[in-house]
Amino acid sequence: MQMGKLPDLCDEPKPAYRGAMRIALYQPEIAGNVGAVMRLGACLGVVVDLIEPMGFAWDDKRVRRTAMDYIDFVEVARHPGFSAFHATLGEARLILLTTKAEQSLYDFAFAADDILLFGQESAGVPAAIAARCDARLKIPIHPAVRSLNLATSAAIALGEALRQTGALPEYAPSLRA
């Protein structure tokens, strides 16, 4: 590596993420958002669960273009529906991030194996699915705007959850010089 050059923090093969925090996307509609969340998963070391059906073909070039070469460093689990996904939870808590929640994610104690669930970009999740979640949280935003982008929301929520649980990737000061 050249001196003074920042390392690619995703240049190592992905580890096994079993028992760790996960991001789940419920019936995502926009390929670019999925690609961005996959890149987030690669960089922060979390599995990305995709709950089908999706609003685009899985081989959509926009997924790969947004995820770029990071796609090779993220574990993605695809589920044919919510029931199949829910069967994988084990003892983990399912935490829904939604604009309809009352509780802020900053007033919540995350656990290391929580699964952060995000709904469809246009509609969120149905009430029946929201009812199956262990907690419903919101990201506080300016009241004049409706919502954040899905990938932006995932980055904010995952960053806070990993910070709270001490699971953020280690900062290596010697690599930053």
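Return the residues of segment 93-110 that are under 22 Å from F82 (Cα atoms) and either touching a residue at least 60 places away in the same chain (Cβ under 8 Å) or touching a Lys or Arg at 6+ places or on another chain (Cβ under 9 Å) (or both); say none if nothing qualifies. Even if it seems obvious, please write down each step before you answer.
Step one: of segment 93-110, the residues under 22 Å from F82 (Cα atoms) are 93-101.
Those that are under 22 Å from F82 (Cα atoms) and either touching a residue at least 60 places away in the same chain (Cβ under 8 Å) or touching a Lys or Arg at 6+ places or on another chain (Cβ under 9 Å) (or both): L94, I95, L96, L97, T98, T99, K100, A101.
How about segment 116-132: which of its residues are touching an Asp or Glu at 6+ places or on another chain (Cβ under 8 Å) and either hydroxyl-bearing (S, T, Y) or at positive phi (or both)? It would help to see each step written out before you state the result.
Residues of segment 116-132 that are touching an Asp or Glu at 6+ places or on another chain (Cβ under 8 Å), as a first pass: 120-122.
Result: S122, single match.
Condition test on P126, is it under 17 Å from E52 (Cα atoms) and more than 16 Å from the chain's Cα centre (by Cα)? Here the answer is yes, as P126 does meet what is asked. Taken together, the criteria exclude G119 from residues that are surrounded by fewer than 17 Cβ atoms within 10 Å (Cβ to Cβ) and under 13 Å from the mean Cα position of the chain (by Cα).
For segment 61-75, indicate whether the set of residues that are charged (D, E, K, R), more than 17 Å from I30 (Cα to Cα) and surrounded by 14 or more Cβ atoms within 10 Å (Cβ to Cβ) is non-empty. Taking every residue of segment 61-75 in turn, at least one turns out to be charged (D, E, K, R), more than 17 Å from I30 (Cα to Cα) and surrounded by 14 or more Cβ atoms within 10 Å (Cβ to Cβ).
Exactly one residue out of A157, A167, A177, A172 is among the hydrophobic types (A, V, I, L, M, F, W, C) and at pLDDT 95 or above, and it is A157. Could you tell me which of the residues A92, A130, A112 is surrounded by 13 or more Cβ atoms within 10 Å (Cβ to Cβ) and touching a helix residue (DSSP H, G or I) at 6+ places or on another chain (Cβ under 6 Å)? Exactly one of A92, A130, A112 is surrounded by 13 or more Cβ atoms within 10 Å (Cβ to Cβ) and touching a helix residue (DSSP H, G or I) at 6+ places or on another chain (Cβ under 6 Å), namely A112. Taking the conditions (1) more than 16 Å from Y26 (Cβ to Cβ); (2) touching a Leu at 6+ places or on another chain (Cβ under 8 Å) in turn, E102 satisfies each one other than (2). The condition of being surrounded by 13 or more Cβ atoms within 10 Å (Cβ to Cβ), touching a helix residue (DSSP H, G or I) at 6+ places or on another chain (Cβ under 8 Å) and in a loop (DSSP other than H, G, I, E, B) holds for L148.
Listed here are the helices (runs of 4 or more DSSP H) enclosed by segment 42-139 that have at least 3 residues being at pLDDT below 95: 61-67.
Is it fair to say Y17 is at pLDDT 90 or above and of a type in the set (F, W, Y)? Walk me through it before giving the result.
Details: at pLDDT 90 or above: no; of a type in the set (F, W, Y): yes.
In short, no.
The values are calculated or read from the model by the stated rules, or taken from the named source; none is laboratory data. Values in this document were obtained by computation on a predicted structure and should not be read as measured data. Backbone-built Cβ (ideal geometry, glycine too); neighbour counts: all protein chains shown.
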